[in-house]
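First comes the structure, then the notes that go with it.
The values are calculated or read from the model by the stated rules, or taken from the named source; none is laboratory data. Computed from a predicted model, the values in this text were never measured in an experiment. Note that each Cβ is placed from the backbone with ideal geometry, even for glycine, and that neighbours are counted across all protein chains shown.
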Ligand SMILES: [Zn+2]
């Protein structure tokens with residue numbers, strides 16, 4: 001039984017072609033399954049699911065393409081860029097932070113969805129449409145007055161039927177995706193909640209936090225440079241430009257010897273002896289601009305084939 005979510009702004013009736021969207025869903029748990037169903041009801045047909053537990057993804061095989069494995073490994077930056085939206089349904093803040101990290105860099109619209117008791121929460125971060133979009137790690141509501149607008153309301157029939165919060169969350173996330181897609185360049189970052197017990201919802205616009213540890217120094221879209229994950233001390237670069245060894249980099253992954261992920265190129269070469277660094281990418285500053293060094297190999301079996309490579313272009317950054 002699907003939850004009926006009513007949006008006073010009529011987002012689901014927006015003009016954007018939902019059947020053209022390509023959506024990545026992370027997690028095939030209860031919320032993920034409900035979300036896939038709700039997206040299907042809205043007419044979204046191109047849905048890929050990333051799930052590390054093959055058994056959990058079983059009910060979705062046949063309905064969507066399932067990529068088995070940890071999304072942090074499977075959903076490379078290059079692969080992520082083939083999607084219009086990525087949605088995290090995993091009930092784990094660390095996973096949400098990781099997908100936020102990658103979507104910020106890949107410039108892909110992000111939704112985060114989770115439940116706490118009867119309360120379903122969805123955050124929408126339209127990175128691909130809004131240059132100054134708040135990110136998931138922004139303290140985005142500080143200073144802003146949360147407006148408990150009841151623009152989202154669960155129908156009485158659904159409420160009385162005791163619809164579980166996961167179903168509400170899946171329906172709410174699909175409704176918010178449709179709203180963002182319909183608004184395209186007028187999209188804003190937004191957090192919406194819907195209480196399965198009371199049937200009442202809130203919706204608040206999120207503003208970028210200038211002090212956000214994740215996005216404060218980022219000017220998006222971030223240039224991405226494909227790099228071999230090999231760090232050789234005697235490379236032509238370090239030979240002609242020894243100061244490159246002193247270049248600061250911020251790694252995508254926490255590594256014990258480099259707390260916080262920040263280190264210098266010289267220290268990386270020394271520690272890993274030129275071998276691969278256990279990180280997906282690194283950020284570094286060149287000429288006052290942050291760029292991304294992408295260490296992940298481009299995979300031929302992903303969604304980023306020729307037919308899909310236009311997906312990101314449908315929402316060029318403004
Ligand atoms: Zn931020």
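Report yes if some residue within the stretch 181-194 is in contact with a strand residue (DSSP E or B) (Cβ under 9 Å, 6 or more places away or on another chain) and in a helix (DSSP H, G or I); otherwise report no. Show your work before the answer.
Here is the first cut: in the stretch 181-194, the residues in contact with a strand residue (DSSP E or B) (Cβ under 9 Å, 6 or more places away or on another chain) are 181, 187-194.
Next, only the ones that are in a helix (DSSP H, G or I) stay: 181.
Looking for residues that are in contact with a strand residue (DSSP E or B) (Cβ under 9 Å, 6 or more places away or on another chain) and in a helix (DSSP H, G or I), one finds at least one in the stretch 181-194, hence yes.
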Problem set entry | Pick from the stretch 163-220, criterion touching a helix residue (DSSP H, G or I) at 6+ places or on another chain (Cβ under 8 Å) and within 16 Å of the ligand (Cβ to nearest atom), ranking: nearest to residue 97 (Cα to Cα) | 214
Seminar exercise, completed: Those residues of the stretch 58-72 that are touching a strand residue (DSSP E or B) at 6+ places or on another chain (Cβ under 6 Å) and in a helix (DSSP H, G or I) come to a total of 2
Problem set entry | Every pair of residues 6+ apart whose Cβ atoms lie under 9 Å, when the first sits in the stretch 187-214 and is on the phi > 0 side of the Ramachandran plot while the second is more than 16 Å from the ligand (Cβ to nearest atom) and assigned to a strand (DSSP E or B) | 199/153; 199/154
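Considering 252, 262, which residue is under 22 Å from residue 81 (Cβ atoms) and touching a strand residue (DSSP E or B) at 6+ places or on another chain (Cβ under 9 Å)? Let's see the steps before the verdict.
Numbers: 262 fails: under 22 Å from residue 81 (Cβ atoms).
Only one candidate qualifies: 252.
Please work out if residue 55 is more than 16 Å from the ligand (Cβ to nearest atom), surrounded by fewer than 24 Cβ atoms within 10 Å (Cβ to Cβ) and not in a loop (DSSP other than H, G, I, E, B). I'd like the intermediate steps shown before the answer.
Working: more than 16 Å from the ligand (Cβ to nearest atom): yes; surrounded by fewer than 24 Cβ atoms within 10 Å (Cβ to Cβ): yes; not in a loop (DSSP other than H, G, I, E, B): yes.
Yes.
If we scan the stretch 135-146, do we find a residue that is outside any loop (DSSP other than H, G, I, E, B) and at pLDDT below 95? Before the answer, list the steps.
Step one: list which residues in the stretch 135-146 are outside any loop (DSSP other than H, G, I, E, B), which gives none.
Within the stretch 135-146, none of the residues are outside any loop (DSSP other than H, G, I, E, B) and at pLDDT below 95.
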Exercise. Restricting attention to the stretch 59-82, does a residue exist that is crowded, with 24+ Cβ neighbours inside 10 Å, under 17 Å from residue 27 (Cα atoms) and either within 16 Å of the ligand (Cβ to nearest atom) or modelled with pLDDT under 95 (or both)?
Worked result: no
